[in-house]
Each structure stands twice: as structure tokens, then as C-alpha cells.
Amino acid sequence: MLTSRSSFSTDSDIFVFLDLCTTVIQASALYDLAKSSNASTSRSCKVVPSDTEWPSDLEWTRLNETIKGTLIKTLPVASSCYSNNSSETELSCTYVEENWGYSAFHASIPESVNYPIWANNSCLPPNTTGYTQDVGCHVGGYPSYVVNATTDVHIATAMQWAAARNIRIVIKGTGHDLNGRSTGANALSIWTKNLNYLSHDAQWFIPGQNTTADVIIAGSGNNWDSTLHFALERGRVLVSGVDKTVGLGGYIQGGGHGPFSSTYGLSADNVLQATVVTTTGDILTCNAAENVDLFWAIRGGGGGQYGVVTEYIMLSHPQPSTIIATSVSITAGNMSDFRDVTVNATWDAFAHLMANMPDLMDGGITGSGLAVTGRSAKSILSLTSVPPGVITSMSFWGYNITTEALKDILQHVRDDYMAQFGNMSSLINYSISEPTVTANFTTFFDNINASPSVAGQVNLGSSRLLGRAELVDHSISNVRQYLEKILASQIEGSGSMLTIGLQGGPGPRNVPAWRQGAVNPIWREVYVHALAGGSNVNTTNATPSGALHKAADWLETNKEAVWRDWAPDTGAYMNEANPFNGQWQHDYYGSSYQRLVEIKKRYDPSYSLFVWSGVSSDEWQYDMDTGKLCRQT
């Protein structure tokens, strides 16, 4: 009998498990896959349940027995909201509705993901974005089966079994992925949530380096809430995400930026060893001395593509003694003044601040914020009316600096703006808050995450990495023009938002060569990660696929084209970008791409692992409407 949600296996022997994680194991020794396989990897499409090659119920049951009852047959959690609901459903429709908008809920459900549009809105509870009563509830875009992974051996067995039968494989940690890479129709999903062990080693020997490091050893099923707090309790910090509900897996494999990335490099730069399970059934220890090509690939070459990373060994750093923070706000001086001169003044001030970001970062300052216009500004900032021009709101902070130093640096930027723009500057309100002191990073991180992380929004963004060439070498006027274009909105008057992250700069630039993986090399030159909204993903009269592609077409013309004109030689952060970008190979992987193609072929020869904008994904076509994944003809 297949496992239900109420009988997850979580009591595996941790000592045996850790021992297995450091050994190369051939899972075929546990299960003879070839005897019963009736699929051919030469087929042009991955098999689906309606195909004669799809495994019988008996075969699935035998797999479940082999992996100790950890196989779950997908029953969408919102099926309790439908009259044809199976009696196996455990969570009431009311509970599902109440929690559908929170990341933590989706992380706890085997098949569920933060953004269900990527699962084709297959089974939504009422009163949620995308819900249509006539659609009903189906497994649809969710994986057909899920392995509740607790050991590397079970993962290896299941993956080799699925690959031999030409079944698509997807990988889910928390399901937080913005671009649908942790779900897929007709697939076997590997759910890593219960690989959640943690340990600390202050003198871990670095393979190939003849030295030791202070490290945190983490199962990939952890999120940053558990992992970072574990490190902080020991006086250490990690290059983590900002959102505590984000998981380690896809975040690290895509590069991973956060509050310490401009100081210590990207999260991928701080991985010293990983354990990877491949679709061929191998369990591989990857570091600078073993399986070095795969080690290079999983550090920035994209998640869900080369295998399941089950463990990370990450370099930790001393916790800062203090965090000094302040905020900068730029608005029109008169929020009812829509004269061109006032609107222009808000844009000039925003452009001037952006042009100063590289110098601020080289001075030890980091931070994040947003620029917002139109009705979006009214909604996001809870204003009483639509504001003139653009509103800029930034948070800046520094580690182990003084309040005077931070205030002086930002005051200098403000004074420079006032001097350059003279009388124009009187039209805006340019405020710098009094710096605050936080005594430890635990409090700082918890304050950032004071509100629950939300899920379920339907949007598609476009991003770019910007360096000195884009921000400083251009005139303020040119920077302003690009910013105005990039904040365009698909629906006139609706407004738009640009999220600004200070995550490049000295950190990624100063990472030693031996710690640099497949992360797009342009990260070593840029300062700012900018993510633009403005698209309209409307499923009212369209399928999820149709709505996404319509929005993507608009982005290609109105956002991607602007980025390419402004920053033709940079790229974008793949974890927060448009998965339908027409030049994704260049923008997300840069000069690493061709080497990654060969590594993908070596470790996933059956091409069982497909993700949007993934390496070699251009050789495949995934039809969200039918759930079929087929080779391009």
C-alpha cells in the first residue's frame, strides 16, 4: 500500500545515513531495474499515465516496498474542496483555504508549490487566485507520485527506476521556486523536506586545500530559518536568503544571494562539498578533489538539472558584532503635484541614487529596496492616492560600522544630488532616517521575517545584473531614461515595481578562484540585481500556459529588450528572472553554458530532469496543457 500523508517515514538511522552520504553507492545493487523495465529512453516523449509503457500499479507498489514505504501517490491537497473528494484527504477545505496564501503551508505538502499556476492551476481551493469552478480538481500539472526522501539510497533507487522507464523526474525542497522548477506533470517527484539534519564542524578538512574551515553541514531539505539559526546559535553566519522559508536546494544551485553576499560572495561560492544523487543511481561525493565537474555545475549551474543534492557543507563566517541600518525615501514634495517638472525630479533623484550604488557597496554598505509607480505604488505603500512620478524606498545597512559612518556616507549622496540639480531638488522630499543599531544578526533576520512569507501570487518578472558600466559610466539622464522604460506596465496606469538588491560588488568579486563554480561569471563584475514587474498574467480567459506566454511575449519586447540595450554584456540571476527569456542561455549561464551542456549529458544521460530555462531544455517542449514533455523535432 502506498504511503499517505499521515504516515511519512522520518525515523531513519542518522548515523547510517551520514555514512552513506560520503560513499559512492550503486543503487542497482538494491534493485534490479532492468528486468522489469519496458520503456525505452530513445522515445521522443517522456511516458504519461495513458501510455502502455507507464508502470502498472503493481510495479509502483514494488518500488514503494523497495524504498521502505516512502512513495506517495499524489492526491492534491485542495481535493477536499470538491464533491468527488477521496476519503483519503486529511485536511479540510476550510483549513486549505485559510493557509493557501502562505509559503510554510505549501512547503509542508508533498506535491504543492508556492505558485500553483506552474502546476496548471490543477486543483485550487475556492476564493484563491486562478480558481475556476468549472475546471474542477485533477492531479493535472502536479507530479503523479512523490518520494518522501529520507535516505540517499532510496532516492537513488527511485531515480534509476524512473529513468529506466522514461519517466520525468522533478525535485522539490520547499516549492518556493518562482518559475515552476519544482513541479511537473506525469513526473516522479523527489521531495527532500525530511533531509533536515544539521551539524557544525569548526575544523573541517577542505579536500584538495590542505587546510580546515569552520562549516555547517546541512541536509538539503532544510530552509534558511532552521539552518541560519543553527549557525547563529554557534556564533556563525552563512550566506543565506532573506526569506526564512526558502530552501537550500534550488537557491544555492542557482547562485543564491542575500544579506551577506556582497560581503562573502554568493551562497554557491561558499559550498565546500556536496552529496549528489544522479538519475543513473549513483551517490557521489562532490568537492574540489572528487567529481569536480559535477561539483562545479551544482554551484550556480541551476537547480533540478544534474541530480538531487542531498547535503551541503558550507563555509561559515563570524557573526557581526553590530548591524547599523537606515532607510532612504524619495518622493515628490507635494504628492498632488503632477507637473512634468515634479515628475521628472523624482526620476532624476532615483537615477542619481542608483548611480551611487557601486560606491556605496565598495564602502561596505549593502541593502535592498524598491522603486514603484502608479496604482502599484498606492497599493504597496498604502497611499491615499496615486503619487506623481516614482517613489524610491531603500534600506541600507552595514556590519561592524558606526552610526556616524553610515549616516555620513548617505548624507554625502544626498548632498551631491542637491548640488547637481539645484532648484529641481526643492520639488522632492529626500529623507534619510536616523540609523538604528541591532546588536546581533538573529534579531536583524527575525525582524526581516516578522510577517509570514506569502504565496500564490501570479506574476512574471524580468531581471538584470547591473555594474559600473551601466550605473556610473552612463549619464544620469541616460540611467533615468532606462529606469523609466523598465518600470513600464502592461496595463496602462496600473504602475510597476522594480526590486533592487545590493548583492554583487566586493563579495562575489573577491571569491578565490578555487571556490568559484558555474555561477554566471558576470556576477564577479556587477553590483546590483534589479527585478522588474509590470506584466499581467491573466487567466480569466486563458489557460495558465496561454496567460504566462502572453505576459512573456510582452516582457520580451518591453523589458528584455530594454535590459539588452542598457546592459548587453551582463545577464540575470536565474532564480529571479523570466523563464521564457529569449536569450536565457547567455543571460542566466553566460560563458559557463557549453561546459554545463556536457556535464548534463554525462550525469543525466536519460534527460529525465527538465526545468524551464534549464541546460539543454531547448531540446525539449513541455506542454502545460497536456502535461507532455517531448523532444523538439
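The values are calculated or read from the model by the stated rules, or taken from the named source; none is laboratory data. Here the structure is a predicted model, which is why all the values come from computation and not from measurement. All Cβ positions, glycine included, derive from the backbone under ideal geometry; neighbour counts span all protein chains shown.
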Filter segment 546-590 down to residues that are in a helix (DSSP H, G or I), surrounded by 23 or more Cβ atoms within 10 Å (Cβ to Cβ) and not aliphatic (A, V, I, L, M), then give me how many there are. 7
Show me the helices (runs of 4 or more DSSP H) entirely contained within segment 292-402 in which 3 or more residues are touching a Pro at 6+ places or on another chain (Cβ under 9 Å). 340-355, 374-380
Can you work out which of the residues in segment 164-213 that are of a type in the set (Val, Ile, Thr) and touching a helix residue (DSSP H, G or I) at 6+ places or on another chain (Cβ under 8 Å) is farthest from residue 107 (Cα to Cα)? 169
Scanning for something among the polar types (S, T, N, Q), under 19 Å from the mean Cα position of the chain (by Cα) and modelled with pLDDT of 95 or more, does segment 299-312 turn up at least one residue? yes
With respect to residue 525, determine if the residue is in contact (Cβ under 8 Å) with a residue 24 or more places away in the chain, within 30 Å of residue 399 (Cβ to Cβ), surrounded by fewer than 21 Cβ atoms within 10 Å (Cβ to Cβ) and not assigned by TED's automatic domain parsing to the domain that holds residue 180. yes
The condition of being assigned to a strand (DSSP E or B) and either surrounded by fewer than 21 Cβ atoms within 10 Å (Cβ to Cβ) or not aromatic (Phe, Trp, Tyr) (or both) holds, among 483, 531, 460, only for 531
Considering each residue of segment 256-278, count those that are assigned to a loop (DSSP other than H, G, I, E, B) and crowded, with 24+ Cβ neighbours inside 10 Å, and give that number. 7
With respect to residue 445, determine if the residue is at pLDDT below 95 and in contact with a His (Cβ under 9 Å, 6 or more places away or on another chain). no
Please work out which one of (1) of a type in the set (Gly, Ala, Ser); (2) under 11 Å from residue 394 (Cα atoms); (3) surrounded by fewer than 16 Cβ atoms within 10 Å (Cβ to Cβ) is the condition residue 367 fails and give its number. (3)
Tell me, yes or no, whether segment 99-117 has at least one residue that is touching a strand residue (DSSP E or B) at 6+ places or on another chain (Cβ under 9 Å), more than 28 Å from residue 225 (Cβ to Cβ) and of a type in the set (Phe, Trp, Tyr). no
Applying the selection to segment 403-418, what residues are in contact with an Asp or Glu (Cβ under 9 Å, 6 or more places away or on another chain) and over 28 Å from residue 339 (Cα atoms)? 403, 407, 409
Pick out the one residue from 111, 53 that is modelled with pLDDT of 95 or more, in contact with a Pro (Cβ under 7 Å, 6 or more places away or on another chain) and in a loop (DSSP other than H, G, I, E, B). 111
Tell me, yes or no, whether segment 467-479 has at least one residue that is closer than 21 Å to residue 357 by Cα, among the acidic types (Asp, Glu) and at pLDDT 95 or above. yes
Evaluate the following for residue 274: is it farther than 20 Å from residue 520 by Cβ and of a type in the set (A, V, I, L, M, F, W, C)? no
Applying the selection to segment 512-548, what residues are within 20 Å of the chain's Cα centre (by Cα), closer than 30 Å to residue 628 by Cβ and among the small types (Gly, Ala, Ser)? 518, 535
Within segment 157-190, restricting attention to residues that are closer than 11 Å to residue 249 by Cβ and of a type outside the set (Gly, Ala, Ser), which residue is farthest from the chain's Cα centre (by Cα)? 190
Neighbours by Cβ (under 8 Å, 6+ apart or cross-chain): first from segment 42-59, more than 18 Å from residue 142 (Cβ to Cβ); second outside any loop (DSSP other than H, G, I, E, B) and of a type in the set (S, T, N, Q): 59/36
Criterion first (under 30 Å from residue 114 (Cβ atoms) and surrounded by 14 or more Cβ atoms within 10 Å (Cβ to Cβ)) does residue 467 satisfy it? no
Applying the selection to segment 419-457, what residues are in contact with a helix residue (DSSP H, G or I) (Cβ under 6 Å, 6 or more places away or on another chain) and outside any helix (DSSP H, G or I)? 428, 430, 432, 435, 438, 453, 455
Within segment 202-225, residues free of Cβ contacts under 8 Å to residues at least 60 places away in the same chain and in a strand (DSSP E or B) come out as 202, 203, 205, 211, 212
Identify, from the list 531, 629, 548, the residue that is farther than 24 Å from residue 266 by Cα and in contact with a strand residue (DSSP E or B) (Cβ under 7 Å, 6 or more places away or on another chain). 629
